[in-house]
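*Asks:* Pasting in a structure now, in C-alpha cells, and then I'll have a few things to ask.
Each value in this text was obtained by applying a stated rule to the coordinates, not by laboratory testing. Fair warning: this is a prediction, and the values are worked out from it, not measured in the lab.
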Amino acid sequence: MKRFFYLLPIFLIACGNPFYEESDESPDDVVSITVTEPSKRLYKYGEAFDRSGLSVEVFRRNGTSYAEKTPVISGFDSTREGIQTITVSTGGKSHQFVVGVMLFAMKPSSPAISVQRNGAITLETEANVSWTIYIFKDSLFESSPKLDPRTGASIAFSAPSSEGDYIVAANIRVKGVTSCRFYLLRVV
C-alpha cells in the first residue's frame, strides 16, 4: 500500500500587525537627509577612506528620523590623484562633498609658498584655465572652495588667518580636461 502526503498551501493574511509600520518599509517616505561630513578630507595615494566623523540623519514623511548606519558612499578612488567628489546616499537622497588625494607625501617640499596671514597668494599657469582652489590643514578641509569664474593664466586668493602649514589644491580645467596641482602653503 502506497502512502501519499499532500501539502496544502497555507495562505497568511496580514491582519493589522501592531509591530508593522508601512512607512518603515518604503524609501519613498524619506523626505531629506542631513550629513555631517567626515573629518579627514585629504588622503595619501592608496590610503583607505576614513568614515570617522561621518553621520547621516534620515528624516521621514511621518515626522520620524533615525541615524543611518550604512549609507552608500561612492566616488572615492585613492589610486587617482586630485580632487574627488564623494556622494553619500540613502533612501533616494544624496549629499556630496570633496576630498583630495595626493600622490606624494602629505606636506610636499616643492613647490612651496610662504605668505603672511591674510596675505594675497597668486598662482600662475601657462595657459588660459579655470581654477578652483581648496585649502586643507593637516588632513582636514579648511575652507570652502574658492572659485575663479573667469579664465586666465593666474588666480589670486587670501591666505588663511592662522599660522601653520596648509595644502592648497588647485583644480585646473583646460579645454575640458581637469588636472590638480598641490602646493605647500606656509602661513607665518
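*Asks:* Given the alpha-carbon gyration tensor of segment 112-187, what are the semi-axes of its equivalent ellipsoid in whole angstrom, ordered largest first, with each equal to the square root of 5 times an eigenvalue? Each step should come with its number before you reach the end.
*Replies:* Working: eigenvalues 92, 32, 21 Å².
Each semi-axis is √(5λ); the values are 21, 13, 10 Å.
*Asks:* Separate question: Enter the per residue convex hull volume of segment 27-102, computed from alpha-carbon coordinates, in Å³ rounded to the nearest integer. Write out the running numbers ahead of the final one.
*Replies:* Numbers: hull volume 5.5 nm³, N = 76.
Considering the Cα atoms of segment 27-102, their hull volume per residue is 72 Å³.
*Asks:* Under the rule of at least 5 residues apart or a separate chain, name every residue whose amide H is placed under 5 Å from the amide H of residue 143.
*Replies:* Here 135 satisfy the definition.
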